[in-house]
Structure formats: C-alpha cells, structure tokens
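To start, the structure itself, in structure tokens.
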C-alpha cells in the first residue's frame, strides 16, 4: 500500500490535548445539556491547508479557536481569538490571515458589527472596521441577535443584507468599502413584488480560474417546508424564490462605476408557488476535494422541483457563458449526485458473499450523467460493512464504508482497494492533498466533539 501518513490531531497540536473527546454518538452539541461542548469543523483551502474551527454552540454559535494544519509540512498552528467570532468571512491562503465578524448589542435598538482581522502565523489580531445597524430587541434580557447576511467579497469589500424580519426595522442592502468607509447601495428590487430582503442564503465561492462568485437564494422558506404547505393547501407568504449567481469582479465594477448594484440582472432561475429551487441539490461533494475541483470546473448545479408534476430537474449553469443546461430529471426518489474531474455521476452498489469467510465483495458503479459512461469498482470488505461515500478526484480517490455493529468507518483507496485506516463514529478525518502530485499524502483524524 502507498506511503500515506495517518496522523492524530492531538499529535499535531499539543494545545488541543487539554480538551477531552466527547462520546456524543453523533448528537449535535445544540441538543446536549452542557454548554461546554465544542465541535471541530474542518475547512479546506485552495493550497491544501486544513483550517479547523473550534465552534461552541451554546449559548450561541461562536468560533473560539483555530487549528491550522499546513499541507506542505504537516505543521500545526493554534490560535485563540481575542474577540468572539460569530462567523468567519474570509481566509487568505497565502498570508494565513483570517477575517471574521462579531455582533454585539449596544442597546435595545442598536447592534454593532465589528470586523476582525487575525494573523494566524504572527499571532496578531485587530478590529479593522465597525458599523451599526438598527435593531428591534424583543428580548433585551439576553444577548442573542437574529442572524443577518454578511459576506466578504475580498479583503476590502463587504456585502451586507438584512433579512425581511421585524428584528431589523430598517432594511439594508449595501456594499461597504472598509478602507474609504464608502457605502454603495444595492437596488433591492428583483422583479414584481419580490426584493433582495427576502434573502434565504448568501455565500461567496471560488471557482474556475480562481474567480469568485456571489450565490444568493431568495424566498424565506425551506424547500421541504414549501412543499408541505403547498401539498396541504396551507397559506404561506414566501411563494416566490430566485437563485442569483453574480461574479464578484462584475459586481464590484458596477458598484465603483455606477455607485449602485442591481442583482436582478444576475438571476439564473425563479420558482413560483408550485415550485422550489436549490443550489447544488443532493450534491455529495463533502468539501474534501472541492477546492481542487473548483479550479477546473466552470459549472454549478441547481435544481427545480415542480410539486404538481412530482419531479425534480437538475441543471448545470456555465459560469463563463452564463448558459444553463438540463442534466437529468428525477421522477421519484432522488439519489445523491457525486462529482469528480470527469463530471457528475450517480452511484449504484451491490454486494455478494464470499463463501467460507466473513467477507463480501462490494461493487461500486459510477454512472456519469452526461454520457452514461460506467466505471465499475470492486472491494473486498467485511460482511457487516456497507457503502457510505465516495470521494473521487484524479488519482486521489477513496471510498468509505460503515460498520454499525462495530461503530467504525473504514476508508479504501480506489486504485489499490486496500483498507488504509479505520475510525470510530465519533471521529472525523480529512486528507492532506499533495497539489503537485495530485495524490493524498496524509490523513488527519480528529474528534468530532470536545469538552
């Protein structure tokens, strides 16, 4: 078997050793009775570093510490924030500088937003910008603040949108220049009686040729909730939804040139009362190889479900040409959609016993959606193991299986078919990717929950 290091996060970072693993059996910290539970959440960077957020869920969600595992030499840096970080906005891979924000009530009618800049290598932290937002506080006795939508377009510009809820009496949609302090308004109008304040999700992604894109979904209702309300003939307000994909470069040019931004020109799909739309539906990329694949993929998936017809259409949107292609239509059960450098594919699995042993043959078949090409992979696994997931990129792919009776997860390389390591249900793992050789150089195992 290839030489792949299996490392424990405790051996990379001595600061984490004082925290005890929490045997939670996968129970979310927000459902546990203690407010001292932390979650380790890995973030994958484009240069193969792993950024672990140490997140506390109670009394509110905050990031308290950062563990940075460097891909080039497997060194680990520990950073403890001086300020409470409500959300990480941006991480600069090259300089290892992190940007986040913290929100705090100044009084019952005003919330202050502070932008924090943290140098993880030189252990320096500062407040680089702050601004205030009107707030209607229905519970002045606690510190909880209803979420608003803030995203960093780059190290200089912020996108800020308040949702259409009573807690924010004065609606805001603007781009903020943190250097000049200039605020460029966003035209909230999208179409008909629908505006940007009906925002349901906001994120900035980096895709093909390292270009960044703003992804916005409007329609303040979840797809499953809208489906239930429509099928039960119940009344609801948020009947219109939109998906918006806007190149950051174009938005900033529009903001600087015209001193306003119009997101209506970037709408790629809409949904009426009998439909719902979602970005990257059922896409089981799991972020492990996402930064590597994003460099080579100029596409993003979205779905459109029709409640009357009972089907879901999957579309591929070309970010460069701004053209939409329909990939496939599902009539009933919707399978996971996987992705690698060759395209999007579905997975079918089958099992056959090996007589006289406690083993079985697991067959995993990749079926590519666009050309119906099929690739069959076979593994020898224990009888109690079942297929869980596949991670596929270049020569670095592997599958995972789950053994419920033993409480174990096993990983098998796609090309060598040998088990490379085993973890428990209360552990997670991440691969360290060699971007030059396009192969995995190590796996880091970490506890999912800490006390």
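Just so it is clear, none of the values below were taken in a lab; they were calculated from the coordinates. Please read these numbers as outputs of a predicted model, since none were measured by experiment. Heads up, the Cβs are rebuilt from the backbone with ideal geometry, glycines too, and the neighbour counts pull from every protein chain shown.
Once you order the gyration tensor axes a ≥ b ≥ c over the Cα atoms, which shape class does the range 301-451 get: rounded for a/c under 1.5, otherwise prolate or oblate by comparing a/b with b/c? Don't jump to the answer; show the numbers that get you there.
Details: a/c = 1.76, a/b = 1.47, b/c = 1.20.
Prolate, because a/c is 1.5 or more and a/b exceeds b/c.
Need one number: nm distance between label points at residue 146 and residue 109, each 7 Å from Cα along Cα→Cβ, rounded to one decimal.
1.8
What length, rounded to one decimal in nm, is gained on full extension from residue 384 through to residue 165, with 0.36 nm per residue of separation minus their alpha-carbon distance?
My answer for the length gained is 73.9 nm.
Does the range 41-176 come out rounded, prolate or oblate, given a ≥ b ≥ c as the square roots of the eigenvalues of its C-alpha gyration tensor, rounded meaning a/c under 1.5 and, failing that, prolate meaning a/b above b/c?
Cα axes put the range 41-176 in the prolate bin.
Please report the spacing between the Cα centers of the range 30-102 and the range 219-239 in Å, no decimals.
35
Using Cα pairs closer than 8 Å and at least 6 residues apart in sequence, work out the relative contact order for the range 214-279, in percent.
Computed value for the range 214-279: 42 percent relative contact order.
Going by C-beta contacts inside 10 Å, put 201, 86 in order with the fewest on the left.
On the way: 201 14, 86 21.
So the residues, fewest neighbours to most, are 201, 86.
How high is the relative contact order of the chain? Use alpha-carbon pairs under 8 Å, at least six apart in sequence, and give a whole percent.
RCO, the chain: 13 percent.
What's the exposure ranking of 70, 322, going from fewest to most Cβ atoms within 10 Å?
By the 10 Å Cβ count, ascending: 322, 70.
Would you kindly state how much longer the chain becomes between residue 400 and residue 436 on full extension, computed as 0.36 nm times their sequence separation minus their alpha carbon distance, in nm to one decimal?
Full-extension gain reported as 10.5 nm.
Is any residue of the range 230-259 close enough, with backbone N under 14 Å, to a label point placed 7 angstrom from the Cα of residue 318 along the Cα-Cβ axis, and if so, which?
none
Under the rule a/c < 1.5 gives rounded, and otherwise a/b versus b/c splits prolate from oblate, where does the range 162-224 land using the Cα gyration tensor?
Oblate, since a/c reaches 1.5 and b/c is not below a/b.
Determine the relative contact order of the range 41-152: mean sequence separation of Cα pairs under 8 Å and six or more apart, normalised by residue count, in whole percent. Walk me through the intermediate numbers first.
Working: 223 pairs, mean separation 18.4, N = 112.
Averaging sequence separation for qualifying contacts and normalising by length gives 16 percent for the range 41-152.
What is the spin-label model distance, in nm, from residue 208 to residue 326 if the labels are put 7 Å beyond Cα along the C-beta direction?
My value for the distance between the label points is 2.2 nm.
Going by how many other Cβ atoms sit within 10 Å of their own, how do 114, 376 line up, fewest first?
On the way: 114 18, 376 11.
Least crowded to most crowded, the residues run 376, 114.
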